[in-house]
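Derivation of every value follows stated rules applied to the coordinates shown; laboratory data play no part. Just so it is clear, the model here is predicted, and its values are computed rather than measured. Positions of Cβ are generated from backbone atoms using ideal geometry, with glycine treated the same way; all protein chains shown enter the neighbour counts.
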Amino acid sequence: MSERSANGQALFEAKSLRKVFPGVVANDDVSFAVGAGEVHALLGENGAGKSTLVKMIYGLLRPDGGEMRLRGAPYAPARPGEARAAGIGMVFQHFSLFEALTVAENVALGMNDAPRARALDARIREVSEAYGLPLDPGRRVGELSVGERQRIEIVRALLQAPRLLIMDEPTSVLTPSEAETLFGTLRTLAEEGVSILYISHKLEEIRALCSAATILRGGKVSGRCDPRAETARSLAEMMIGRALAAPKATDWKPGAARLSVEKLTLPSAEPFGVTLRSLDLTLRAGDVLGVAGVAGNGQDELVAALSGETRTRPEAIRLGGAPIGGLGPEARRALGLSVAPEERLGHAAAPDMSLSENTILTARGRAGLASRGFLRKAAAEGFANRIVTEFGVRTAGVSHAARSLSGGNLQKFVVGREILQKPDVLIAAQPTWGVDAGAAETIRGAIRSLAAGGAAVMVISQDLDELMEISTLLSVISEGRLSFPVPVADITVEQIALLMGGGARAEADADA
Amino acid sequence: MLELVARKEASRFMLWLTPALAVVLTMLSGLALFALLGKDPFEAVRVIFVEPLLDPFSRTELLVKGAPLVLIAIGLSFGFRAGIWNIGAEGQFTIGALTAGAVALAFWNVEGIWLLPLMALAGAAGGAAWAMIPAWLRIRFNANEILVSLMLVYVAELLLSAMVGGPLRDPDGFNFPESRMFHDSATLPIIIEGSRAHVGALAALGAVVIAYVLLHRHLFGFEVRLFGQAPRAARFAGFREARLVAACLGLSGALAGLAGMFEASGPVGQLVPALPSGYGFTAIIVAFLGRLHPVGILLAGAVMALTYIGGETAQMAMNLPAAAINVFQGMLLFFLLGIDVLVNYRIRLRRAL
């Protein structure tokens, strides 16, 4: 194993780290070591616990158990400033930069003790030239490209002369040529003895860059390897688990088409968004279509297009044959299309409103919670109580604010609110994310029986085990493309790994 | 060491205690302010807060000052709840007075009970139309409504000056920039004999009731609250932002315009350049002091009217500068915003590490 460098001493070591959040064990017994000058990959699906792990190393979170060592000495940073002082730098996936300030001013803001302006300008030029990261300290950040902005974060980290540099999915925002430049920089750094902890789920770049890898799955270490000696497929298998759950036997007889999407192309409206490319799909009565894929591959955009928050060509989306692409969310709900978004607080529910007020959000039409513009408060309270009873939502009462509920309970409430309206089509995004096992089973059971009752369901999730368990069909979304749905009984790990690695288009073309 | 700890839910108790606390803190700072000015501080506070309540005429004046404040603040409260910041109620007030006054002057010498309703309609429409300018600019170009509505205040005031100095000038007025005095049919009926209290006070009370129903029993109020708390959830629920921006600005503009009409056809009785006297700005304080709640706004309007009248008395009786009263009103908003943190956080004592 390449855990130790030439001098035999690991630079950084984590031993049995554990971190528990309410309802989830984010890290459990995580141990790994990074040698000096080593580029070490931290590989795993979203939700595998990578971010929690590096946040503990960078002093943003405190571990609940286990210990960390830096150069052999115990290391327990209470805040990022201590981590930086100890020689650990971090470049986040989403930058924290002020657009109205200059590069140098932004750099100064993130340093423990920033030098004077002129000296800092010189240092920035020096470091940026030494590592091939061209950057003008006097430019305003607002004028810079995403790649240039990332350079600011990297230079800021490098000015502190770190011994360990943590990079959180650095290439997710870069163009391929920008990524190549970045790799060059990272290799130079490694040659100088700086260790790099590289977080990603892009298998090819890990094989090209890293000399050691720790693979996380469900908060635990599921494998260690030298990625140069592995194939993308073997890495994917370690990441998503070799043994997939066997699909539940269902007497699945799909009925008439409920929802169809035809050549849906939607350019991204947001700077970090994904463009949907020529999506085609048909949901029939009784179908549960599982959409797998790593987060940020177009899931949010797809849900927004289906819910009506983003309008499309009317003919691009049809509900029972009628074009609905130009309709808003409430009109679509009236026609029988319900959506349970991923983000519970602030999107699916209003945090400061009571549970009974939150029913009015989506059920005012179908459950008759408003008439002629006036709210029917008693009806809303009754509907909220029905959700609480039928879905076992633990709350002191429906007059309490949504944000007082735990994540899992609120999720049961959100999914329950849509299911009790008896929609013809239900789109559920990450329905069991962060939910404990019992609640997850309740939600899955409700989704299954909704489909058995003749509705069509789409479940978007990153939990493959879950998708294998509840879906009848499986499809993978990657870079805004959706693969052709395959019955789960016929699918293999190899196929999924291939699709998640960006082969969706090829697969779809081959099947078409 | 003091530490702020987030509450799980907003404290309802603190929600209503903080405005009272802000009033108390303002009084305390007022004592210090007046002492620094070399006045007897306790006498000043007595003149401002107690004296107006003892004098019968001053009591009716509370209605005269309070009515426009409450009316405007009710309108503003909808937008403020939804995160739509109409800072230009003063301008909409001015345009409302101008359009209503133009109607009054157009029918000068024509008797009829239809004239006042027509003026009210014109005032509300004028104020709403003026508020539609920032609304349209925000919807179309994403222009900041705070700046646009505020700048339009000065445009409105200059427009009023130009009109009373030109087309609406009193032909028998020796070229003074003033309109004719409105005739009886264009003057608001008085509700308390021997005072200046007019039907505008009843309208303000009606607005409070309607606003309460709208806010807590109607889908529009739900939409407003939802947009303010969770805009993404509101879009998911199927509410359209552009419609809400237009509705909130239109509503606050209409009520401000109506208040302008009341002012012109009530206490003032004509159009003069000095007609806008800061009600539109003070109403912002009233709206926040009243927690954006209709009943709270009613109470806050009364408190603020008290400082207006007491302030005028203090100017006359104690030679307090007019600016001291403005500072006083400003402090009220300052303290309110400052201690607002207690609604969502509680203070915990922590030993230094």
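Under 5 Å between amide H atoms, partner at least 5 residues away or on a different chain: which partners does A:R284 have, H built in plane at 1.01 Å?
A:R258
To the nearest 20 debye, what charge dipole does the stretch B:1-58 have about its Cα centre, counting +1 at the Cβ of each Lys and Arg and -1 at the Cβ of each Asp and Glu?
280
If you line up the long axis of helix A:407-419 against the longest principal axis of chain A, both from Cα atoms, how many degrees apart are they, to the nearest 10?
30
Relative contact order (percent) for the stretch A:10-240, with alpha-carbon contacts under 8 angstrom and 6 or more residues of separation?
About 28 percent, as a whole number.
Which one of A:A350, A:P329, A:L319 has its Cα pushed farthest toward the positive end of the charge dipole of the stretch A:267-369, where Lys and Arg give +1 and Asp and Glu give -1 at the Cβ?
Farthest towards the positive end: A:L319.
Report the Stokes-Einstein translational diffusion coefficient (µm² s⁻¹, integer) for the stretch A:93-203, Rh taken as the Kirkwood radius over Cα pairs, at 10 °C with viscosity 1.306 mPa s.
Value of D from the Cα-based Kirkwood radius: 112 µm²/s.
Summing -39500 (n - 2.57) over the DSSP H runs of n ≥ 4 in chain B and dividing by its residue number, what mean residue ellipticity at 222 nm do you reach, to the nearest 500 deg cm²/dmol?
Computed ellipticity for chain B at 222 nm equals -23000 deg cm²/dmol.
What shape does the stretch B:38-320 have by the C-alpha gyration tensor, where a ≥ b ≥ c are the square roots of the eigenvalues, rounded means a/c under 1.5, and otherwise prolate means a/b greater than b/c and oblate the rest?
Oblate, because a/c is 1.5 or more while a/b does not exceed b/c.
Among B:L152, B:L69, B:L258, which one shows the biggest mean-square fluctuation in a GNM of chain B, springs joining Cα atoms closer than 10 Å?
Highest fluctuation among the options: B:L152.
Pick from B:P276, B:P52, B:P171 the residue whose mean-square fluctuation is largest in a GNM of chain B, springs joining Cα atoms under 10 Å.
B:P171
Magnitude of the Cβ-charge dipole of the protein assembly as shown, K/R +1 and D/E -1, about the Cα centre, nearest 20 debye?
1440
Given the options A:A396, A:A363, A:S406, identify the residue whose Cα lies farthest towards the positive end of the charge dipole of the stretch A:344-422 (+1 on Cβ of Lys, Arg; -1 on Cβ of Asp, Glu).
Farthest towards the positive end: A:A363.
Exposure proxy check: A:K202, A:K422, B:K8 ranked by fewest other beta carbons within 10 Å?
Numbers: A:K202 19, A:K422 15, B:K8 11.
Starting with the residue having the fewest Cβ neighbours, the order is B:K8, A:K422, A:K202.
Which cross-chain or sequence-distant (5 or more) residues have an amide H under 5 Å from the amide H of A:L474, H modelled 1.01 Å from N in plane?
For A:L474, the qualifying residues are A:G290, A:V486, A:V488.
Run the Debye formula on the Cα coordinates of chain A, all scatterers equal and no solvent, and tell me log10 I(q)/I(0) at q = 0.11, 0.13 1/Å.
Here log10 of I(q) over I(0) equals -1.02, -1.29.
Toward the positive end of the charge dipole of chain A, about the Cα centre and with charges on Cβ (Lys, Arg +1; Asp, Glu -1), which of A:V20, A:P162, A:G87 goes farthest?
Checking the options against the dipole of chain A, the answer is A:V20.
Rounded if a/c is under 1.5, else prolate if a/b beats b/c, else oblate: with a ≥ b ≥ c from the C-alpha gyration tensor eigenvalues square-rooted, which is the stretch A:10-240?
It comes out prolate by the Cα gyration axes.
Post the alpha-carbon centroid distance, the stretch A:282-323 to the stretch B:22-47, in whole angstrom.
One Cα centre to the other: 64 Å.
Using Cα pairs closer than 8 Å and at least 6 residues apart in sequence, work out the relative contact order for the stretch B:38-320, in percent.
Averaging sequence separation for qualifying contacts and normalising by length gives 39 percent for the stretch B:38-320.
What lysines does B:K8 reach when the alpha-carbon gap must be under 23 Å and sequence neighbours fewer than 8 apart in one chain are set aside?
A:K19, A:K412
Please give the helix A:437-452 orientation as an angle from the longest Cα principal axis of chain A, in degrees from 0 to 90, rounded to the nearest 10.
40
I'd like the FRET efficiency for B:V155 and B:R240, computed as 1/(1 + (r/R0)^6) with the beta carbon distance as r and R0 of 30 Å, rounded to 0.05.
FRET efficiency, B:V155 to B:R240: 0.55.
When the Cα centres of the stretch B:197-273 and the stretch B:63-83 are compared, how far apart do they sit, in Å?
Cα centroid to Cα centroid, the span is 7 Å.
What is the set of long-range amide H partners of B:V199 at a cut-off below 5 Å, with H atoms built 1.01 Å from backbone N?
B:I191
Tabulate in residue order the Karplus-calculated ³J(HN,Hα) for the stretch A:148-159, using 6.51 cos²θ - 1.76 cosθ + 1.60 with θ = phi - 60°, rounded to whole Hz; enter x for Gly and Pro.
Once rounded to whole Hz, the list reads 5, 5, 5, 4, 4, 5, 5, 4, 4, 5, 5, 4.
Which of these, B:M261, B:M318, B:M181, has the largest mean-square fluctuation under a Gaussian network model of chain B (Cα springs below 10 Å)?
Judging by the Gaussian network model, the answer is B:M318.
Percent antiparallel among DSSP beta bridges with both residues in chain A, to the nearest 5?
Details: 39 of 75 bridges.
That works out to approximately 50 percent antiparallel.
Could you size up the charge dipole of chain A around its Cα centre, putting +1 on the beta carbon of Lys and Arg and -1 on that of Asp and Glu, and report it in debye to the nearest 20?
1240
Take every Cα pair under 8 Å in chain A that's 6+ residues apart, average their separations, divide by the length, and report that relative contact order as a whole percent.
Normalised by residue count, the contact order of chain A is 14 percent.
With a sphere of radius 13 Å drawn around the Cβ of A:F383, what net charge do the other residues whose Cβ falls strictly inside it have (Lys, Arg +1; Asp, Glu -1)?
+3
Residue by residue through the stretch A:217-229, what is 3J(HN,Hα) from phi via Karplus (6.51 cos²θ - 1.76 cosθ + 1.60, θ = phi - 60°)? Round to whole Hz and write x for glycine and proline.
Using θ = phi - 60°, the values come out as 8, x, x, 10, 6, 9, x, 10, 6, 9, x, 5, 8 Hz.
Please work out whether the stretch B:237-348 counts as rounded, prolate or oblate from its C-alpha gyration tensor, where a ≥ b ≥ c are the square roots of the eigenvalues and a/c under 1.5 means rounded, while otherwise a/b larger than b/c means prolate and anything else oblate? Provide the component values of the computation, followed by the final result.
On the way: a/c = 2.69, a/b = 1.14, b/c = 2.37.
In terms of gyration-tensor shape, oblate.
The stretch A:10-43 to the stretch A:373-388: how many Å between their Cα centroids?
47
May I ask what percent, to the nearest 5, of DSSP beta bridges between residues of the protein assembly as shown are antiparallel?
Approximately 55 percent, going by the DSSP bridge assignments.
Just counting partner chain Cβ atoms within 10 Å, what average do the residues of peptide B:219-225 show around their Cβ?
Values: counts 9, 2, 1, 11, 1, 0, 4.
Counting other chains' Cβ atoms within 10 Å and averaging over B:219-225 gives 4.
Test of understanding: ordering B:V327, A:V303, B:V23 by Cβ neighbours within 10 Å, fewest first, what list do you get?
Placing the least packed residue first, the sequence is B:V327, B:V23, A:V303.
Given N residues in the protein assembly as shown, what is Rg(Cα) / (2.2 N^0.38 Å)?
Expressed relative to 2.2 N^0.38 Å, the Cα Rg reads 1.14.
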